[in-house]
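Worksheet: one structure, shown below.
The values are calculated or read from the model by the stated rules, or taken from the named source; none is laboratory data. Quick caveat, the model's predicted, so the values are computed rather than measured. Cβ placement follows ideal geometry from the backbone for every residue including glycine, while neighbour counts extend to all protein chains displayed. All accessible areas refer to the heavy atoms of the entire protein, side chains included, with ligands and DNA or RNA removed. Shrake-Rupley method; radii C 1.70, N 1.55, O 1.52, S 1.80 Å.
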Amino acid sequence: MGQVERYPEGTFCWVDLGTNDAPGAKAFYGGLFGWEFDDLPTGEQGTYSTARLDGRAVAGLFDLAETPAWGSYICVEDVDQATQRARKLGAEVVVEPFDTPGGGRVATVRDPAGATVSLSQPGEHFGAELVNQDGTWTWAELTSGDLAAGRDFYVALFGWAAEDAPGPFPRTTFTLGDLLIGGGHAPAPQEDPTPRWNVTF
């Protein structure tokens, strides 16, 4: 895909890393992918940094995270309405909708499968400007021991279609019309069983 100018509602649009060692994370990902960082101080909440590749935004990074982890964002037209729908469908609202610089709004929910995901109403900044190439985000994968609960939730919330794939471990592919959204699987015996949306570069 490469360069992106907009994201349809119901598709992943952004990823960011919450860390307790921002300098170390910047050194690692800068060395690995060639990212450069623009820092935006946010007062008591620390600093939010935009990672750029060839001058285009590809991911975010923020410090003071309680648990270091990558997070994923799904584009919505109205984050307040989407958050209300998510709550009615059984999600826990972890962070209520709030305004972001540039006119956007964001909320974070924990889906019935146990994984957290953020809902993003775009403003001036719409999401990742480069995807699906070296050094950029390429895939989102839901890992959960209750994959059926996650499947039903996202189908109801965003109108995704879910197709289960045969195999030794349950797996699902998510689509929205002609768009491939991501996948899902139950954790293998040797895999971390913590429910989450995995980010792949």
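Val76 versus (1) open to solvent by 70 Å² or more (accessible area, probe 1.4 Å); (2) touching a residue at least 40 places away in the same chain (Cβ under 8 Å): which is the lone unmet condition?
Every condition holds for Val76 apart from (1).
Mind listing just one residue for me: the one in region 9-40 that is part of a loop (DSSP other than H, G, I, E, B) and in contact with a strand residue (DSSP E or B) (Cβ under 7 Å, 6 or more places away or on another chain) and, of those, surrounded by the fewest Cβ atoms within 10 Å (Cβ to Cβ)?
Quick first cut of region 9-40, residues part of a loop (DSSP other than H, G, I, E, B) only: 9-11, 19-21, 34-35.
Subset that is in contact with a strand residue (DSSP E or B) (Cβ under 7 Å, 6 or more places away or on another chain): 9-11, 19, 34-35.
Details: Glu9: 16, Gly10: 21, Thr11: 21, Thr19: 21, Gly34: 13, Trp35: 20.
If we take residues in region 9-40 being part of a loop (DSSP other than H, G, I, E, B) and in contact with a strand residue (DSSP E or B) (Cβ under 7 Å, 6 or more places away or on another chain), then Gly34 is surrounded by the fewest Cβ atoms within 10 Å (Cβ to Cβ).
Hey, among Ala86, Ala128, Ala91, Ala115, which residue is surrounded by 15 or more Cβ atoms within 10 Å (Cβ to Cβ), in contact with a Lys or Arg (Cβ under 9 Å, 6 or more places away or on another chain) and farther than 18 Å from Asp16 by Cα? Steps first, please.
Working: Ala86 fails: in contact with a Lys or Arg (Cβ under 9 Å, 6 or more places away or on another chain); Ala128 fails: farther than 18 Å from Asp16 by Cα; Ala115 fails: farther than 18 Å from Asp16 by Cα.
Going through Ala86, Ala128, Ala91, Ala115 in turn, just one is surrounded by 15 or more Cβ atoms within 10 Å (Cβ to Cβ), in contact with a Lys or Arg (Cβ under 9 Å, 6 or more places away or on another chain) and farther than 18 Å from Asp16 by Cα: Ala91.
For region 100-117, does any single residue satisfy the condition of being of a type in the set (Ser, Thr, Tyr) and more than 18 Å from Thr11 (Cα to Cα)? So that I can check it myself, show each step before the final result.
To start, the set of residues in region 100-117 that are of a type in the set (Ser, Thr, Tyr) comprises 100, 108, 116.
If we keep only those that are more than 18 Å from Thr11 (Cα to Cα) too, we end up with 100.
Yes, that holds for at least one residue.
Give the residues of region 41-53 that are surrounded by 12 or more Cβ atoms within 10 Å (Cβ to Cβ) and part of a strand (DSSP E or B), sorted by residue number. Lay out the reasoning, then the answer.
Taking region 41-53 and keeping what is surrounded by 12 or more Cβ atoms within 10 Å (Cβ to Cβ), we get 42, 46-53.
Of everything in region 41-53, those that are surrounded by 12 or more Cβ atoms within 10 Å (Cβ to Cβ) and part of a strand (DSSP E or B) turn out to be Thr47, Tyr48, Ser49, Thr50, Ala51, Arg52, Leu53.
Looking at region 181-190, which of its residues are over 10 Å from Leu142 (Cα atoms) and out of contact with any strand residue (DSSP E or B) (no Cβ under 7 Å at 6 or more places or on another chain)?
Ala188, Pro189, Gln190
Does Gly123 satisfy the criteria of being touching a residue at least 12 places away in the same chain (Cβ under 8 Å), surrounded by fewer than 20 Cβ atoms within 10 Å (Cβ to Cβ) and in contact with a helix residue (DSSP H, G or I) (Cβ under 6 Å, 6 or more places away or on another chain)?
Details: touching a residue at least 12 places away in the same chain (Cβ under 8 Å): yes; surrounded by fewer than 20 Cβ atoms within 10 Å (Cβ to Cβ): yes; in contact with a helix residue (DSSP H, G or I) (Cβ under 6 Å, 6 or more places away or on another chain): no.
No: the conditions fail for Gly123.
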